[in-house]
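FYI, it's all coordinate maths here, none of it is from the lab. Given the structure is predicted, the values throughout are model-derived calculations rather than measurements. Note: ideal-geometry Cβ built from the backbone for every residue, glycine included; neighbour counts use all protein chains shown.
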Amino acid sequence: MGPLDFSVVANALPFLLNGLLFSLELTVIGFAGGLVLGTGLALIRHLEVPIAAPIASVYITLMRSIPLIMVLFWFFFLMPLILMWATGASRPVPIGPVWTAFITFTLFEAAYYAEIIRAGLKAIPKGQYEACKALAMSSAKTYRLVILPQVLRTVSPILLTQTIILFQDTSLVYVLSLTDLLGAASKIAQRDARLVEMYLTVAIVYMLICSLASQMVTMLRKRYAIPSRA
Amino acid sequence: MSLVLFEQVQEGDELYLDWLLSGLGWTFTLAITGWCIAFAIGILVGSARTSPHRGIAVAARLYVEVFRNIPVIVQMFLWYFVLPEVLPANLGDAYKKMPLPWASFVPALAALSLYTAARVAEQVRAGIEALPQGQCAAAQALGMSELKMYRLVLLPQALRIITPTLTSEMMGIFKNTSVALTIGLLELTAQARKINEFTFQTFQAFGAATVVYLLLALVVYALMHWLEAHYRTPGLEPSRAPRAKAVGAKQGV
């Protein structure tokens, strides 16, 4: 192997940054979508809604037991068939790898967030519900104004840590040949035969971002902990 | 609809089921060997994180930061593509020329076990830090060496505390084996994809593999649950059930 030449990285910088942007986009969508859906799933299980609760429970267990790559394949190959069936089209309706990624990450993360939020719901003292009842709050108001704000605050460090893992997991869209940070790097690496420089750079970028993010989570946890329960 | 798994493959006299089973074999081998290495390194690094010697603690922290914060797939690429290039030429060539499953298996094993080790190390550290200060003080008062204190006092208790979180780490390594398909290992997910490509029976191919992953998760859960019960220290566990029972017995209920 010749000497290391990192100018290849500098030359490809705009392409790599675009890739990184896609990784971040995927993380944000997965986080937002997953949080909304996950909160819904957690509430369904927590409130023991008939019929829906066991379905939510099966969904969460299933998603948490199979690898993300497998879920990506499921949606990549099956969504077109499901859409064909749903829309009555005569042939499979392809949704493309980008949509596959967005849908998969939202649905996959929802299962993980749901379990975190459910654990938070369990930890809320009974007195909070009783106090709401005494104030004649409706059930919806109880959850929206009293329970969920506390839950999200207590579990936010765990949610954010899970989101760092989500960011790392976005690199798996490599199997759909998408151009995220890793995808961009591997395309350049193959074109210029500069695998060592590209993959080392990518590794360092991921490490810096994730290290920094987890330091920030630690700081936030110390700063925003609910004092009485710190 | 016939079951495609029990059909013969297009060229050869195997069944598609044999492909799936071979994939399961590699997934299982990779996960179990990876776990053994990760567990050993995780205990060492996790203990080192709590060491009073600054140098050791900092080195362990550095290990965790590096190996936990780089995605598994990138680590696999480092072991698979980058390592042979930065090794001395003859070693790198030998590394690249390993017979086929091993040329993928060895880098995958290295990446998975070191990544999981970093995660295990953080659990071990948390377990040790959760122990009362008195445990450490008592060990020192008895004149135990540091090594003995960790081996005989701190680790046996810490590992018992963290068994539930280790369960999810172990499930994690089984799921992460699927990343090895990106460097050419024909494990379970790769075999499912291959069956899909050959037969177009998407639902059956991925459905079968999904069921196998579910079963693996179930086996891991059962195993860890058994370990937890087997190694429980009577009277020390925080669970309320047995104590309530004992109180009931005393009162003659």
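All alpha carbon pair distances within the range A:7-229 were sorted into 10 Å bins beginning at 0; the resulting P(r) in whole percents reads 7, 26, 29, 21, 12, 4, 1. Remark: relative contact order (the range A:134-230) = 31 percent; criterion is Cα-Cα distance under 8 angstrom and separation of 6 or more residues. The simple Förster model, with R0 at 22 Å and r as the Cβ-Cβ distance, assigns B:ARG160 and B:ALA57 a FRET efficiency of 0.40. Restricting the calculation to alpha carbons of the range B:154-223 gives Rg and Dmax of 15.9, 55 angstrom. Using C-alpha pairs below 8 Å separated by at least 6 residues, the relative contact order for chain B is 26 percent. Taken over the range A:1-96, the ratio of Cα radius of gyration to 2.2 N^0.38 Å equals 1.62. Residues A:SER139, A:SER7 in ascending order of nearby Cβ atoms (within 10 Å, fewest first): A:SER7, A:SER139. Relative contact order of chain A, taken over Cα pairs closer than 8 Å and 6 or more residues apart, is 30 percent.
Mean per-residue shielding of peptide A:165-172 is 4, counting Cβ atoms of other chains within 10 Å of each Cβ.
Taking 0.36 nm per residue of sequence separation and removing the Cα-Cα distance, the A:MET137/A:ILE82 pair yields an extension gain of 15.6 nm.
For chain B, the direction-averaged projected area of the alpha-carbon convex hull comes to 20.4 nm². The calculated FRET efficiency for B:PHE200 paired with A:VAL98, based on their beta-carbon distance and R0 = 25 Å, is about 0.60. Could you list log10 I(q)/I(0) for the protein assembly as shown at q = 0.06, 0.10, 0.11 Å⁻¹, which the Debye formula gives when each Cα is one point scatterer? Calculated log10 I(q)/I(0) at the listed q: -0.32, -0.90, -1.08. Per-residue shielding of B:60-73, expressed as the average number of other chain Cβ atoms within 10 Å of the residue Cβ, stands at 5. Each part reduced to its alpha carbon centroid, the range B:75-127 and the range A:190-219 end up 17 Å apart. For the pairs B:LYS96/B:LYS194; A:LYS187/B:LYS97; A:LYS187/B:LYS96; A:LYS122/A:LYS222; A:LYS141/A:LYS222, flag any whose C-alpha to C-alpha distance is greater than 26 Å. Cα-Cα > 26 Å for A:LYS141/A:LYS222; rest within.
Rounded to 0.05, the FRET efficiency of the B:ALA137 and A:SER90 pair, given R0 = 56 Å and the Cβ-Cβ distance, is 0.15.
Neighbour counting of Cβ atoms within 10 Å sorts the residues B:GLU146, A:GLU48, A:GLU109, fewest neighbours leading, into A:GLU48, B:GLU146, A:GLU109. The chymotrypsin sites (Phe, Trp or Tyr not before Pro) of the range B:161-209 that DSSP puts in a loop, and whose beta carbon has at most 12 other beta carbons within 10 Å, are B:PHE200.
When we measure straight from the Cα of B:LYS175, which aspartates and glutamates land under 19 angstrom away, once same-chain ones fewer than 8 places off are left out? Hits, sequence-local ones excluded: A:GLU109, A:GLU115, A:ASP169, B:GLU187. Of the residues A:TYR224, B:TYR150, B:TYR115, the one with the fewest other Cβ atoms within 10 Å heads the list, and the complete ranking is A:TYR224, B:TYR150, B:TYR115.
Counts of other chain beta carbons within 10 angstrom of each beta carbon in peptide B:191-198 average 1. Cα centroids of the range B:154-178 and the range A:47-63: 26 Å apart.
All other residues whose Cβ lies under 15 angstrom from that of A:SER7 are scored, Lys and Arg at +1 and Asp and Glu at -1, for a net of -1.
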